[in-house]
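Reading through the structure tokens given below for one structure.
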Amino acid sequence: MKVGIEDICFYTANYVLDMAVLADVHGIEVEKFYQGIGQVEMSMAAPDEDIVTLAAAAAKPIVENHDMSQLRTVLVATESGIDQSKSAGVYVHNLLGLPSHCRVLEMKQACYSATSALQMACSLVARQPEQKVLVIATDIARYDLNSSGEPTQGCGAVAMLVGANPKLLEIEPVSGLFCEDVMDFWRPNYRSTALVDGKYSTKVYLRSLKQAWQDYQEQGGHSADTFSYFCYHQPFTRMAQKAHTHWLKQVKKELSAEAIEQQLEPSLVYNRRIGNSYTASMYIGLASLLDNTQENLDNKRIGLFSYGSGCVAEWFAAKVQPGYREYLRTAYHQQLLESRTAIDYPTYRRLYEFPNPTDGGDHQNPHETTGPFRLSAISQHKRLYEKTSS
Ligand code: CAA
């Protein structure tokens, strides 16, 4: 029996900052952002959006198009959690009106945890093939102003329905794993922005890729030649290009620049315009790959590399199912990106600095999101969500 992804859908905030605006303010040549780190735009969340509203919005089209009566588990992966105790998934579960016979939890290991959630979902379905699992990765990536990480911010969520005999992708059982206790990127509980040793983090990412691939081979994984397309974790899209070059060197393959671009470029299209969405980034990349590859991918094998700082990494493989194109949401995804509102620098600063109240008072949020759910208020330390008419 095959187990994998039946449906995939992403969502991102409706404000967008062109990287040229940031480059101009910082007195940096825009080509450093456009080419050097491979980011053209970044999505910015409105004051009434958070990881819960993004997650629920990503999953809504899936929930509306599938029979949810066999949904038994909801796994929400995030590293920008909004509560130390209550899972973001419980809010999402309520906003989506999901069945009450569900186990719902939040998973954390930096940008990696969505992959752990996906693997757990596949294991649950393998045990009970009639059940469905909803996996959602959702994050708002924030670094300090004027730090090297600032141009690599962004936000987004991606939802995946996992089941038996999937319509889109079979997730193959063999994985290559790597874990090492390192301080490349982290966010202590008292901080709202991440701390990062930028250059070091890119080195650890590449080292982890090497180790995870090696383990994949030792576990009996497929040979390098059997992979047609690739999707890497994308903290910024240039990182994925560096990763693929690194991997090609490791497997001793020499390809033309065109061939390399063909294998990787489709996975970078959306993230180049969204920015980093931490846990969601690789899976938005996967949606991008499926939506933007011209060639029919029926029966093609995709290599996926998931990396979460700290660090845990995993190399695994997905096989595209024949007829997958019928089930894609390409037009919806493209329209989401096109319909965002461009913001100027003062607006970016207003959104970045929007207060996160901690005094237990009654704080109503302005209605700004164009999405289907909003964080309407934080009152008496409780987050209050509502559906909009969108
Ligand atoms: N035109 C074109 N390219 C230019 C340029 C110009 N005018 N000026 C500079 N560049 C190029 C540089 O040559 C460099 O290219 P190479 O990397 O190929 O050498 C590139 O732009 C970046 O410039 P810098 O080397 O000056 O690097 P930076 O100071 O801008 O920092 C960074 C880059 C360290 C990655 C920084 O963006 C950062 O700290 N990001 C956050 C951390 C991160 O994303 N780490 C990735 C691994 S960790 C992870 O994956 C988990 C996660 O999600 C965070």
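The values are calculated or read from the model by the stated rules, or taken from the named source; none is laboratory data. The shown structure was predicted, so the numbers you read here are calculated from the model rather than taken from an experiment. Here Cβ is always computed from backbone atoms with ideal geometry, including for glycine, and neighbour counts include all displayed protein chains. Keep in mind that these areas ignore ligands, DNA and RNA; they rest on the heavy atoms of the full protein, side chains included. Shrake-Rupley method; radii C 1.70, N 1.55, O 1.52, S 1.80 Å.
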Query raised in the report: Taking every pair of alpha-carbon atoms in the range 1-108, what share in percent sits in each 5 Å bin, from 0 to the bin with the longest distance?
Result: 2, 10, 16, 17, 15, 12, 10, 8, 6, 3, 1, 0
**Report entry** Neighbourhood charge, 15 Å Cβ-Cβ cut-off, centred on Phe373 and excluding it, Lys, Arg +1 and Asp, Glu -1
**Finding:** -2
Query raised in the report: Over the range 314-390, how many percent of alpha carbon pairs lie in each 5 Å bin up to the one with the longest distance?
Result: 3, 10, 13, 14, 15, 12, 9, 11, 8, 3, 1
Report task. Quick one: what are the phi-derived ³J(HN,Hα) couplings along the range 44-58, Karplus 6.51/-1.76/1.60 with θ = phi - 60°, whole Hz, x for glycine and proline? Result -> 10, 6, 6, x, 9, 10, 8, 5, 6, 5, 5, 5, 5, 5, 5
Query raised in the report: Share of the range 189-254's accessible area from carbon and sulfur, percent, 1.4 Å?
Result: 45 percent
Query raised in the report: In the structure shown, do any of Lys60/Lys167; Lys199/Lys242; Lys32/Lys199; Lys132/Lys300 have a Cα-Cα gap over 21 Å, and if so which?
Result: Lys132/Lys300
Query raised in the report: In terms of the Cα gyration tensor, with a ≥ b ≥ c the square roots of its eigenvalues, is the range 76-154 rounded because a/c is under 1.5, prolate because a/b exceeds b/c, or oblate?
Result: prolate
Report summary line: Rounded to the nearest 0.05, FRET efficiency between Phe354 and Tyr327 (Cβ-Cβ, R0 35 Å) equals 0.40
Query raised in the report: Once amide H atoms are placed 1.01 Å from N in the peptide plane, what residues at a sequence separation of 5 or more from Val3, or on another chain, have their amide H within under 5 Å of its amide H?
Result: Asn165, Ile171
Requested in this report: Please calculate how many Å² of accessible area the range 221-297 carries per residue, with a 1.4 Å probe and no DNA, RNA or ligand atoms counted.
Outcome: 36 Å²
Query - Val63 accessible area, assembled protein chains, probe 1.4 Å, Å² - result: 30 Å²
**Report entry** Restricting the range 99-139 to trypsin sites (Lys or Arg not before Pro) in coil, as DSSP defines it, with at most 16 other Cβ within 10 Å
**Finding:** Lys108
Query - Distance between the range 24-58 and the range 225-252 - C-alpha centres, whole angstrom - result: 23 Å
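Figure the gain on full extension for Leu195 and Asp83 (residue separation times 0.36 nm, minus the Cα-Cα span) and round it to one decimal in nm.
Roughly 38.4 nm would be gained on extension.
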Query raised in the report: Quick one: Karplus J couplings for the range 91-101, per residue in order, coefficients 6.51, -1.76, 1.60, θ = phi - 60°, nearest Hz, x for Gly and Pro?
Result: 5, 5, 4, 5, 4, 8, x, 7, x, 6, 7
Report summary line: Here the relative contact order (percent) of the range 203-272, from C-alpha pairs under 8 Å and at least 6 apart, is 39 percent
Report summary line: So, with points 7 Å from each Cα along the Cβ direction, the Lys108-Ser379 label distance in nm works out to 2.8 nm
Query - For the range 63-216: accessible area per residue (Å², 1.4 Å) - result: 43 Å²
Requested in this report: Take every DSSP beta bridge with both residues inside the chain and express the antiparallel ones as a percent of the total, to the nearest 5.
Outcome: 75 percent
Query raised in the report: Carbon and sulfur atoms: what percent of the 1.4 Å accessible area of the range 110-153 do they account for?
Result: 48 percent
Requested in this report: With the full set of protein chains in place, find how many percent of the accessible area of the range 294-373 is carbon and sulfur; take the probe as 1.4 Å.
Outcome: 48 percent
Query raised in the report: Probe 1.4 Å, all protein chains in place: accessible area of Asp24 in Å², nearest 10?
Result: 120 Å²
Report summary line: The long-range amide H neighbours of Phe178, using H built 1.01 Å from N in the peptide plane and a cut-off of under 5 Å, are Ala313
Requested in this report: Sort 255-266, 240-251 for me by packing, meaning the mean count of neighbouring Cβ atoms within 10 Å per residue, highest on top.
Outcome: 240-251, 255-266
Query raised in the report: Any idea what % of Cα-Cα pairs in the range 255-390 are farther than 27 Å?
Result: 42 percent
Query - Value at 222 nm in deg cm²/dmol, rounded to 500, when DSSP H runs of n ≥ 4 in the chain each add -39,500 (n - 2.57) - result: -9500 deg cm²/dmol
Report summary line: Two pseudo-spin positions, 7 Å from Cα along C-beta at Glu130 and at Val251, lie apart in nanometres by 4.0 nm
Report task. Collect residues whose amide H, placed 1.01 Å from N in the peptide plane, falls under 5 Å from the amide H of Phe230; neighbours closer than 5 in sequence don't count. Result -> Gly303
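Expressed in nm², what is the orientationally averaged projection area of the convex hull enclosing the Cα positions of the range 212-332?
Averaged projected hull area, Cα only: 7.7 nm².
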**Report entry** For the range 358-390 versus the range 126-195, the gap between their alpha-carbon centres in whole angstrom
**Finding:** 25 Å
Query raised in the report: Heavy-atom accessible area of Ile5 with all protein chains present, probe 1.4 Å, nearest 10 Å²?
Result: 0 Å²
**Report entry** Estimated Rh, the chain: Kirkwood, alpha-carbon pairs, angstrom
**Finding:** 20.9 Å
